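To keep things clear, I will list the structure first and then write my remarks on it.
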Amino acid sequence: MKGTAENTNKLLMEAALRVFTEKGFAGASTREIVEICGVTKPTLYYHFGSKDKLYRSILEDIFKRFNREIARIASGELPPRTKLMEILQFYLDHCHELPQEVKLILMALYRSDPSLPDIDIGTIGRPIVESIAGIIRDGEEGGVFKEGDPLQLSLQLIGMIHIQILLILNDEGKLPLGRPEEILATFLGGIERR
């Protein structure tokens with residue numbers, strides 16, 4: 001494979017993401033990852049040091065992009081309800097466009113694969129929770145939402161989003177998927193002033 005170090009990193013991360021989400025961490029072999037990319041194992045170890053570090057790099061990259069997008073939405077001039085809708089839509093769109101990334105996040109969050117390396121999800125995911133909590137806090141201060149614990153409410157909204165994502169990823173046709181507006185209306189039903 002020819003190209004820059006950045007290109008090699010990207011190709012290795014994309015191949016590893018696919019293998020990790022298809023086979024789990026323990027089932028993912030570095031041999032398979034490098035064969036997909038057309039590079040050697042020493043190339044993988046040169047760029048990432050180990051399979052653990054490759055996994056961590058992928059997860060940190062995904063969270064960095066999520067954190068950046070959600071912070072962008074949160075810092076905008078839109079009303080709090082609209083910001084929450086945009087965040088919800090971002091999650092669901094990302095799930096449809098890049099399902100493997102979302103699956104890896106859920107695998108890490110819910111420890112669905114016991115062989116996964118320990119990652120401090122609380123630290124790398126905290127900016128998302130805090131951004132959403134900030135929107136809720138702004139809504140409380142603006143009289144749009146009832147007062148509550150913005151961090152807890154943020155976690156509850158994220159939980160509702162994760163349920164919908166699991167239904168999408170599992171292609172669960174037995175249960176109806178909520179539309180973004182319905183999901184947000186259900187959440188806001190408990191906190192929105194009427």
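Leaving out ligands, DNA and RNA, what percent of the accessible area of the range 4-127 is carbon and sulfur, probe 1.4 Å? Before the final figure, lay out each step's value.
Values: 3330 of 6300 Å².
Carbon and sulfur: 53 percent of the exposed surface of the range 4-127.
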- Task: Order Val144, Val102, most accessible first, counting only protein heavy atoms with a 1.4 angstrom probe.
- Result: Val144, Val102
- Task: Considering the options Leu188, Phe66, Gly76, tell which one lies farthest towards the positive end of the dipole of the chain, charges being +1 on Lys and Arg and -1 on Asp and Glu at the Cβ, about the Cα centre.
- Result: Phe66
- For the chain, calculate the relative contact order in percent as a whole number, restricting contacts to Cα pairs under 8 Å that are 6 or more residues apart. 22
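Could you work out how much longer the chain between Glu192 and Arg72 gets when fully extended? Use 0.36 nm per residue separation minus the Cα distance between them, nm to one decimal.
Numbers: separation 120, 0.36 × 120 = 43.20 nm, distance 2.31 nm.
So the chain would gain 40.9 nm between Glu192 and Arg72.
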- Query: Mind listing the Cα extents of the chain along all three principal axes, in Å, largest one first?
  - Reply: 61, 37, 27
- Separation between the Ala185 and Ser29 pseudo-spin-labels, each 7 Å from Cα along Cα→Cβ, expressed in nm? 5.2
- Item | Accessible-area order (highest first, 1.4 angstrom probe) of the listed residues Glu182, Glu69, Glu140, Glu22 | Glu22, Glu182, Glu69, Glu140
- Note on the structure: In this structure, the FRET efficiency calculated for Asp93 and Asn7 from their beta-carbon separation, with R0 = 41 Å, to the nearest 0.05, is 0.95
- Gain upon complete extension [Met160, Arg81; 0.36 nm per residue less C-alpha separation]: 26.9 nm
- Message: Tell me the net charge near Cys95. Cut-off is 10 Å between Cβ atoms, Cys95 excluded, with +1 for each Lys or Arg and -1 for each Asp or Glu.
- Response: -2
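Assuming a ≥ b ≥ c are the square roots of the Cα gyration tensor eigenvalues, decide whether the range 88-194 counts as rounded (a/c under 1.5), prolate (otherwise, with a/b larger than b/c) or oblate. Before the final figure, lay out the partial values.
Working: a/c = 2.49, a/b = 1.39, b/c = 1.79.
It is oblate, given that a/c is not under 1.5 and a/b is not larger than b/c.
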- Message: Using the Cα centre of the chain as the reference point, and only Cβ charges (+1 on K/R, -1 on D/E), how large is the resulting charge dipole? Debye, rounded to the nearest 20.
- Response: 400
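The values are calculated or read from the model by the stated rules, or taken from the named source; none is laboratory data. All of these numbers come straight from a predicted model, not from anything done at the bench. In this analysis, Cβ positions are derived from the backbone assuming ideal geometry, glycine residues included, and neighbour counts consider all displayed protein chains. The protein model used for the area step is the full one, side chains on, heavy atoms only, and it has no ligands, DNA or RNA in it. Shrake-Rupley method; radii C 1.70, N 1.55, O 1.52, S 1.80 Å.
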